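The values are calculated or read from the model by the stated rules, or taken from the named source; none is laboratory data. This is a predicted model, so every value here is computed, not measured. All Cβ positions, even for glycine, are placed from backbone atoms using ideal geometry, and neighbour counts span all protein chains on display. Calculation scope for accessible area: heavy atoms of the full protein, side chains included, ligands and nucleic acids excluded. Shrake-Rupley method; radii C 1.70, N 1.55, O 1.52, S 1.80 Å.
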Amino acid sequence: MYRFVQALCGAAGYTGPHHLVPCSVDFDSFIRRLPKAELHLHLEGTVTPETLVELSAGQNSAALGPEQARALFHYTDFSGFLLAFKAVTEHLRTPDDYELATWRMAQRLAHQGVVHAEVYVSVGVVYYWRRCEFEPLFLGMERARVRAESELGLSLYWIFDAVRHFGPDEAARVFRKAAELRPQFPSIIGIGIGGDERRTGAEPFRSLYTEAREAGLRLTAHAGETVGPEGIWGALNIGAERLGHALSAIHDPELMGVLAERQIPLEICVSSNLRTGCCARPEDHPLRRYFDAGLMVTLNSDDPALFLSDLEDEYRIAQECFAFTEEHLRELASNSIEASFLPPERKVEILRRLESLE
Ligand code: ADE
Ligand code: ZN
């Protein structure tokens, strides 16, 4: 069987010929059966045009037809992608909308053999653009999370994400809300910063990261996605435990050494980087070089509805375009469990299943 690896042909990035590569049904089945975690996934980025049409039907002034919904997903560069993300998020308005988005996301994850996901929710966009309370929306997400756990056997943790270019004051509202709700909702595991690194580095968020850690929250950050290695150093310097993208570390041997030595988990998102144009061509992507250098690499889909890819695709891309073997993929899945914020006993249980998978 042959498949076009269309996921590698970016809207803004790679525009060359599609790759025609062999792929086996057995491999697909192996990928699906691998118990794995998704660690870099934005709830809003899982909402498909079809779901947007359905949600917007109840929004008097904002009802979308199928073509209008699909048009929202078009972008030609990273800045355009951020605007598309915002446009989709604007159509998530009620607790029921957030519940439906979460439930659909959970169903898709379970279908791909994902056993656990740590999901970013853009609380920063809700506060800054919608100027409304987040708790009622969060209760909708929680209803779907509890259902996913009991009906699908899928666990979900939430990471409250701030938009870095809205500045530290806005981020403070997001992180403090996470700290306030966490005692009642232990599913809120951590915080992060997304948005446009070209407009601000991590340093202005230093004291907020310290405060969040003291409140028991785990720390993540998008870093080195659109800027050079200095963005990754900045995230490490403020205490980020896990790095989103870390695309530019490849240009800094000293940083590569630190990432390898400290085994800092990297949330690698290949399709995302190609489609936003952050990485021009598949052959430029550092995934394989990171893996070979002993870095703690995990595969992730970031915003699957916007990048036309899901976690299974990311594993297939690793196999088909970066020559990862079955054993390598097992290691990547294992990394995803180890790098998660799950308690040790659950990690051990999943890792045992992973090791015994034939
Ligand atoms: N928000 C959602 N996806 C993002 C990404 N890849 N980078 C920055 N902010 C984001
Ligand atoms: Zn992201």
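The residue that is farthest from the chain's Cα centre (by Cα), among those in the range 312-332 that are crowded, with 24+ Cβ neighbours inside 10 Å and of a type outside the set (D, E, K, R), is Ile317. Answer yes or no as to whether Glu320 is touching a residue at least 12 places away in the same chain (Cβ under 8 Å) and either more than 16 Å from ligand 2 (Cβ to nearest atom) or of a type outside the set (Gly, Ala, Ser) (or both). Considered against the rule, which asks whether it is touching a residue at least 12 places away in the same chain (Cβ under 8 Å) and either more than 16 Å from ligand 2 (Cβ to nearest atom) or of a type outside the set (Gly, Ala, Ser) (or both), Glu320 comes out as yes.
Of all residues in the range 172-189, those being in contact with a helix residue (DSSP H, G or I) (Cβ under 6 Å, 6 or more places away or on another chain) and over 20 Å from Ser340 (Cα atoms) number 3.
Only residues that are assigned to a loop (DSSP other than H, G, I, E, B) and either closer than 17 Å to Gly195 by Cβ or hydrophobic (A, V, I, L, M, F, W, C) (or both) were counted across the range 277-288, and they come to 4. Scanning the range 146-202 for residues being open to solvent by 30 Å² or more (accessible area, probe 1.4 Å), within 16 Å of ligand 2 (Cβ to nearest atom) and closer than 14 Å to Leu217 by Cα gives a total of 1. Being over 21 Å from Ala323 (Cβ atoms) and of a type in the set (Phe, Trp, Tyr) is a property that holds for Phe307.
The residues of the range 296-311 that are crowded, with 24+ Cβ neighbours inside 10 Å and not in a helix (DSSP H, G or I), listed by number, are Val297, Thr298, Leu299, Asn300, Ser301, Asp302, Asp303, Ser309.
Do we have Thr46 as more than 17 Å from Thr276 (Cα to Cα), polar (S, T, N, Q), at pLDDT 90 or above and surrounded by 14 or more Cβ atoms within 10 Å (Cβ to Cβ) here? For Thr46, the condition - more than 17 Å from Thr276 (Cα to Cα), polar (S, T, N, Q), at pLDDT 90 or above and surrounded by 14 or more Cβ atoms within 10 Å (Cβ to Cβ) - is not met.
When residues in the range 6-43 are screened for being assigned to a loop (DSSP other than H, G, I, E, B) and either modelled with pLDDT under 50 or surrounded by fewer than 19 Cβ atoms within 10 Å (Cβ to Cβ) (or both), 13 of them pass. Checked against (1) at pLDDT below 95; (2) away from ligand 2 (no atom under 16 Å from the Cβ); (3) within 30 Å of Val227 (Cβ to Cβ), Val125 passes all but condition (2). Against the conditions (1) away from ligand 2 (no atom under 16 Å from the Cβ); (2) surrounded by 20 or more Cβ atoms within 10 Å (Cβ to Cβ), Phe85 satisfies every one except (1). Flag: Gly224 does not match the condition of being out of contact with any helix residue (DSSP H, G or I) (no Cβ under 8 Å at 6 or more places or on another chain) and within 16 Å of ligand 2 (Cβ to nearest atom).
Within the range 83-116, restricting attention to residues that are of a type in the set (A, V, I, L, M, F, W, C) and not in a helix (DSSP H, G or I), the residue that is farthest from Ile337 (Cα to Cα) is Leu92. Does any residue of the range 187-195 turn out to be part of a helix (DSSP H, G or I) and within 22 Å of the chain's Cα centre (by Cα)? So far as the range 187-195 goes, no, none of its residues is part of a helix (DSSP H, G or I) and within 22 Å of the chain's Cα centre (by Cα).
Put simply, of Arg104, Arg70 the only residue that is within 29 Å of Leu266 (Cβ to Cβ), open to solvent by 30 Å² or more (accessible area, probe 1.4 Å) and either within 15 Å of ligand 1 (Cβ to nearest atom) or modelled with pLDDT of 95 or more (or both) is Arg104. Listed by first and then second residue, the pairs linking a residue in the range 140-155 that is more than 16 Å from Arg346 (Cα to Cα) to a residue that is part of a helix (DSSP H, G or I) and among the acidic types (Asp, Glu), with Cβ atoms under 9 Å apart and 6 or more places separating them unless they lie on different chains, are Gly140/Asp96; Gly140/Asp97; Gly140/Glu99; Met141/Glu99; Glu142/Glu99; Arg143/Glu99; Ala144/Glu99; Arg147/Glu99. Could we say that Ala110 is in contact (Cβ under 8 Å) with a residue 40 or more places away in the chain, closer than 26 Å to Ala37 by Cβ and surrounded by fewer than 19 Cβ atoms within 10 Å (Cβ to Cβ) here? Yes. Checked against the criteria, Gly140 does not count as open to solvent by less than 20 Å² (accessible area, probe 1.4 Å), small (Gly, Ala, Ser) and at pLDDT below 95.
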